[in-house]
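Input: a single structure, listed below in structure tokens.
The values are calculated or read from the model by the stated rules, or taken from the named source; none is laboratory data. None of the values given here were measured: they were computed from a predicted structure. All Cβ positions, even for glycine, are placed from backbone atoms using ideal geometry, and neighbour counts span all protein chains on display. Keep in mind that these areas ignore ligands, DNA and RNA; they rest on the heavy atoms of the full protein, side chains included. Shrake-Rupley method; radii C 1.70, N 1.55, O 1.52, S 1.80 Å.
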Amino acid sequence: MARTVKVAVTGAAGQIGYSILPRLASGEIFGHDTRISLHLLEITPALKALEGVVMEIEDCAFPLVDEVVITDRAEEAFDGVNWALLVGSKPRGKGMERGDLIRENGPIFVGQGKALGKAAEDVRILVVGNPANTNCLIAMHQAEKEGIPRERFAAMTRLDQNRAQAQLAQKAGVEVGDVTNVTIWGNHSATQYPDAENARINGRPVPEVVGDMGWLRGEFIDTVQQRGAAVIAARGLSSAASAANAALDHVMSMEGTTPEGDWFSAAVPSDGSYGIEEGLVFSFPVRIDGQGGCGIVQGVELGDFALEKIAATTAELQEEKAVVAELLK
Ligand code: NAD
Ligand code: LMR
């Protein structure tokens, strides 16, 4: 066995936790020659439920699982981890926007950012809990003070990317794998800009293949922006299997699985690219940088339509940042 990967999952007794843990433990994500150590964090009242989840992991008899740590102490959960998937937080209900969760969920990421900085070193962090971009901003800010480089942080927009890819494949009548270079710009919210105009189908520009700009600039964008709400309206609960799947896709992309010429979407701290305020956690097209983080793909063409959408989502992120200013001190 070449190595052991230590992965922390917060909110591990929740819906997403239930979908993500068996797949992490199975070897599907880090490879069948890599052992895995799971560090699971929950709030104290949920530890009992988490014990039940751990029983189920044991009962799967996964051969690669080294240990499963369960705790309600963030520093213990993050001790020496290579990956931290920050899921634990409240989901929105019907009729809410994700940003409505900011006051309740934001403070969680102050303590967890600090704990990460104290307990982990060579770690990559994915924030899933909503509002994901701004929670990531908070955790990143706190962890950076303890020495974790900001490039190690991302908030999840991979679910939006996957949704966009699936919609485009359906419309064009092709396989999902034929659709590449899909970018989600901005916030994981209803202002995000899912960019089909720079996406490709079997190497050809999507607008050329689909031939329906009205749909690409209308229904397609609305569907992707509103997909989370549509799932909540139908299921009465927010997406879980698809969210867990997207988080794992993100991890695999960060571990180096993106084909040459393609990119993936993740909300990362802006370095000023595309005129986005430095430090704002903003979804861009990214590729791994070979140093544990990812770099923003440069030179993607943005016309007036795209720039207007990007301005709207930027303004929303700046508003969210202002709301949590106290948590960024
Ligand atoms: P859930 O309510 O089923 O589970 C959340 C879990 O987090 C609960 O078990 C809860 O006890 C735990 N928790 C709460 N506070 C915690 C803390 N301080 N430390 C550790 N654990 C804590 O919710 P879910 O469906 O698993 O969703 C979790 C979050 O992920 C929500 O905020 C949801 O909106 C978000 N989400 C994001 C995306 C995305 O694409 N970025 C997609 C789906 C869901
Ligand atoms: C999603 O996009 O499905 C999640 O962010 C959950 C939500 O609140 O929509």
Förster radius 41 Å - calculated FRET efficiency between residue 28 and residue 326 (Cβ-Cβ, nearest 0.05): 0.50
Please compute the modelled spin-label separation between residue 58 and residue 145, points set 7 Å along Cα→Cβ, answer in nm with one decimal. 4.0 nm
Which net charge results when you count Lys and Arg as +1 and Asp and Glu as -1 among the other residues whose beta-carbon is under 15 Å from that of residue 271? -2
If you bin every alpha carbon distance in segment 93-199 into 5 Å steps from zero, what whole percent lands in each bin? 2, 13, 19, 17, 15, 13, 11, 7, 3, 1
Which of 12, 77, 46 ends up with the largest GNM mean-square fluctuation for the chain, with Cα atoms connected below 10 Å? 46
How large are Rg and Dmax for segment 230-329 when calculated on the C-alpha trace, in angstrom? 15.9, 42
Relative contact order, percent, the chain [alpha-carbon distance under 8 Å, six or more residues apart]: 17 percent
Could you tell me the center-to-center distance, by alpha carbons, between segment 72-143 and segment 293-325 in angstrom? 21 Å
Pairs to check: 145/321; 94/118; 118/321. Give those whose C-alpha atoms are more than 28 Å from each other in this structure. 94/118
Give me the number: length gained by fully extending residue 103 to residue 298, i.e. 0.36 nm times residue separation minus the C-alpha to C-alpha distance, one decimal in nm. 66.8 nm
Under the classification rounded if a/c is under 1.5, otherwise prolate if a/b is larger than b/c and oblate if not, where does segment 195-255 fall, given a ≥ b ≥ c as square roots of the Cα gyration tensor eigenvalues? oblate
Count the DSSP beta bridges whose two residues both fall in the chain, then state the antiparallel fraction as a percent rounded to the nearest 5. 45 percent
Placing +1 at every Lys and Arg Cβ and -1 at every Asp and Glu Cβ, with all other atoms neutral, what dipole size does segment 200-260 have around its Cα centre, in debye to the nearest 20? 160 debye
Here FRET efficiency (C-beta to C-beta, residue 43 to residue 118, R₀ 22 Å, nearest 0.05) is 0.70
Radius of gyration and maximum dimension Dmax of the chain, Cα, Å: 18.9, 55
Per residue accessible area of the chain, 1.4 Å probe, in Å²: 42 Å²
Residues in segment 30-52, backbone N under 15 Å from the label point at residue 262 (7 Å along the Cα-to-beta-carbon vector): list them, ranges by number please. none
Rounded to one decimal in nm, the spacing of the 7 Å Cα→Cβ label points at residue 222 and residue 271 is 3.8 nm
Work out the P(r) tail for segment 102-144: percent of alpha carbon pairs separated by more than 13 Å, whole number. 44 percent
Expressed as a percent, the accessible surface of the chain that is carbon or sulfur, using a 1.4 Å probe and the full set of protein chains, is 49 percent
Quick one: what are the phi-derived ³J(HN,Hα) couplings along segment 100-106, Karplus 6.51/-1.76/1.60 with θ = phi - 60°, whole Hz, x for glycine and proline? 5, 8, 4, 6, 7, 8, x
Among 182, 174, 281: highest mean-square fluctuation, GNM of the chain, C-alpha pairs under 10 Å: 174
